[in-house]
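Okay, so here's the structure we're looking at.
Nothing in this text is a laboratory measurement; each read-out follows from the coordinates by a stated rule. It should be emphasised that the depicted structure is a prediction, and the values quoted were computed from it without experimental measurement. Cβ coordinates were reconstructed from backbone atoms using ideal geometry, including for glycine residues, and neighbour counts include every protein chain displayed.
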Amino acid sequence: MNIQDRIKEILITIPKNVDLVAVSKTKSSEEIIYAYNEGLRVFGENKVQEMTEKQKILPPDIEWHMVGHLQRNKVKYIASYVSLIHSVDSMKLIVEINKQALKFNRIIPCLLQIKIAEEETKYGLSETEAHYLIENSIKFNNIKIIGLMGMASFTEDELKINNEFKKLKFFFDKLKLKFHHLKILSMGMSSDYKLAMKNGSNMIRIGSQIFGPRN
Ligand SMILES: *Cc1c(COP(=O)(O)O)cnc(C)c1O
């Protein structure tokens, strides 16, 4: 199956309230254009340099999402154009994003990455840390935390994945009672996005299911 057919197949399975981020890391600009021509406008990358190179040559109405771990010293390269950062995981990074966004007179929307997988993942905040960061980021005028992102364990065990998503949705709902501006729950990738949507995800990040396997 080609990119066009895979996109059509995915689009019919996702409801209107769920946003699709096409994760195009390692894929060429040509492949991104195939997806663009199918109507996709939101693309996710995990490396600053790769995203910036693509952003320069691809259509200006593409929304670029940073989904990978972001180093503070690289924020300056994406601050002028990035439309959502999914992977905020420290106060220092919040301070830097705010500082760089101010230079462009922008407010950069961000998600906090929450650690939901029991093992392997290096990145992500605990619930306590996330609560603290949301509370303390309100004073910054050029960054806005608008939701949470989580990655489930890399496993075949659907019950385990289901429990991880359920836990994140529960935490998201609890936070929303206090912080009414939270609206995005980014969870679900190629292998688990259906499970994520069942558990209340409203933003899914799909790479290989659209573009084929990565090398
Ligand atoms: C690569 C990546 C994805 C997409 O992964 P697939 O399994 O190819 O869909 C989603 N989210 C993040 C954070 C990623 O790094």
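Listing for the model above:
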read-out: Residues LEU177, LEU111, LEU195 arranged by fewest to most Cβ contacts within 10 Å; value: LEU177, LEU195, LEU111
read-out: Candidates SER87, SER191, SER201: whichever shows maximal mean-square fluctuation once the chain is modelled as a Gaussian network with Cα springs under 10 Å; value: SER191
read-out: ³J(HN,Hα) computed for each position of segment 178-195 - Karplus, 6.51 cos²θ - 1.76 cosθ + 1.60, integer Hz, glycine/proline x; value: 9, 10, 5, 7, 6, 9, 9, 10, 8, 8, x, 10, 3, 7, 9, 5, 5, 5
read-out: Which of VAL82, VAL42 has the fewest Cβ neighbours within 10 Å, and the rest in rising order; value: VAL42, VAL82
read-out: log₁₀ of I(q)/I(0) at q = 0.09, 0.11, 0.18, 0.22 Å⁻¹ - segment 102-215, Debye sum with one point per alpha carbon; value: -0.26, -0.38, -0.92, -1.22
read-out: C-alpha center-to-center spacing [segment 86-120, segment 1-48] in angstrom; value: 24 Å
read-out: Stokes-Einstein translational diffusion, the chain - Kirkwood Rh over all Cα pairs, 1.002 mPa s, 20 °C, in µm²/s; value: 123 µm²/s
